1. Looking at the chain only, what percent of DSSP beta bridges run antiparallel? Nearest 5 please.
2. Please give the charge dipole size of the range 362-428, origin at the Cα centre, charges +1 on K and R Cβ atoms and -1 on D and E Cβ atoms. Round to the nearest 20 debye.
3. Give the dimensionless ratio obtained when the Cα radius of gyration of the chain is divided by 2.2 N^0.38 Å.
4. Using the alpha-carbon centroid of each, what span in Å lies between the range 131-161 and the range 345-377?
5. Starting at 0 and stepping by 10 Å, how many percent of the alpha carbon pairs of the range 173-332 end up in each bin?
6. Would you please report the Å³ per residue occupied by the convex hull of the alpha carbon atoms in the range 33-123?
7. Given points 7 Å out from each Cα along the Cα-Cβ axis, report the Val408 to Ala436 separation in nanometres with one decimal.
8. Under the Kirkwood approximation for Rh and a Cα-based Rg, what ratio Rg/Rh is obtained for the range 400-525?
Amino acid sequence: MTWQADADLVVVGSGVAGLTAALDAAELGLRVVVVTKDATDSGSTRWAQGGVAVVLGDEPGDSIDAHVADTLTAGAGLCDPVAVASILADGPAAVATLRARGARFDADATGRPDRTREGGHTAFRVIHAGGDATGAEIERALVAAADGLPLLTGHVAVDALRDERGAVAGLALLDDAGRPGTLRAPAVLLASGGYGQLYSSTTNPETSTGDGVALALRAGAAAADLEFVQFHPTVLFDGPATGRRPLVTEAVRGEGAVLLDRAGRRFMTGVHPLADLAPRDVVAAAITRRLAETGADCVYLDARALDGFASRFPTVYAACRAAGIDPVREPIPVTPAAHYACGGVVTDLAGRTAVPGLYAAGEVARTGLHGANRLASNSLLEGLVMGGRVARTVAADRTVLPPPGPLVAPAPAMRTAPRPVVQRAMTHAAGIGRDAAGLAAASDTVEAATVLAAPVDRSGVEDAALTLLAQAVLAAAGTRTESRGSHVRTDFPDRDDVWQVQSIEIVLDAGGQPVVRQARVAGAA
Ligand code: SIN
């Protein structure tokens, strides 16, 4: 049995970008439906710890220009400077809207938002909530504000519906009983997060399987910067383990903790002027090198000198205690793990993709803000700013775009490889430290395990998305013959200026296979 409904805007995903867009669009009078494949708060937003990087204007010595400069430095030459300036400038207004919707941030003794620091920031500008539970508070506030909006949980987006012009006409999906259905709409916003589940060990929840990027590629959009998978330097190590691993927020280092190797030696001094607070690609790569040099499984984060650890970092404290570690008395064992997709579906600064009617915002999108390495805590800010912008874009576009025409045939058949095969290949060959031979072998492994399959349930859709993302990330990583930001090639260990202005775009060929297209970075000299 099939089903059908309609709306002005379908939002895929219920994290910070999706719910912000849905709320703003509803306020603009659009009929919005939000679909999410799991529970409302099952995405990455609720796991974000550190906070929201924003210059609110009341902090002497800091400025939006300084935030822009830090973002460009962290992005290792591949940010779009226009995108960076534009998105960061809209941060204060976006945070004000969020606070008006009920989000409560931690305050200092004067009642102003308390600020912390994270890797790559030259100022204390990261506002936070519940100590280290910023994402959970944002998700709580947005879900409460969205009460009353049509929100379909357990509904899996499968493909965009398209008309004969190639414009989006809605979404094909599976409902919570696995029944196929369609939501007809002239606008679909992808706000479905990243693809950390490509790797065996990640800070991301089970839902981060790249569905949005895969859907956009299949609809004819381009994705870019996919090779820049950011590894968070400090994830709690409690023995070799797979799946979502507990994060130890960079704010712990922002407030004075330092990294030690297993001999108790600091190793970040001398690596970067900001030492333990270097941008996270630098820290993650330094940890990886130190682990190789010492043969250890983990390094240690020494937070013993911090006052009030349990109340300032309750989430980290609870995770440590659950693993039998007391961070007040002993250094915390940590390793890097896959954390954030710096690239994604290419959009303009209004959230439009190249496909009329298809929009993207948040981690799924590539606006040019992050370049080769996202600055810590810029992601929640981007979700807030771009979520709001997309709502306004959709409202404006519907007055000028013709309504969708008759539907044409669906996108090419999906190909899928078993998830453990994909995760092993990616973890082995496409983590921190990649080379041509390993990337090619991983591509062959994934290809050999791939079969044509029409997904009939959520895990089928996710496996197909992960397979396509693995192929695309491996292709992009194999093409970029240099090391830059979070893309570390052991066979090309240096930055190469030739790549300074080259963003690698991926599109699908007629058979649905990813192909590489190189694009000049917008705004680059
Ligand atoms: C963290 O709290 O360390 C993570 C913040 C982020 O990824 O932006």
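The values are calculated or read from the model by the stated rules, or taken from the named source; none is laboratory data. Model, not experiment: these values are computed from the prediction. Cβ placement follows ideal geometry from the backbone for every residue including glycine, while neighbour counts extend to all protein chains displayed. Accessible surface areas use protein heavy atoms only, side chains included; no ligands, DNA or RNA. Shrake-Rupley method; radii C 1.70, N 1.55, O 1.52, S 1.80 Å.
1. Taking every DSSP beta bridge within the chain, about 65 percent pair in antiparallel fashion.
2. With Lys and Arg at +1 and Asp and Glu at -1, about 180 debye.
3. 0.91
4. About 19 Å separates the Cα centre of the range 131-161 from the one of the range 345-377.
5. 9, 31, 29, 16, 11, 3, 0
6. Hull volume normalised by residue count: 152 Å³.
7. About 3.8 nm, to one decimal.
8. Over the Cα atoms of the range 400-525, Rg/Rh equals 1.05.
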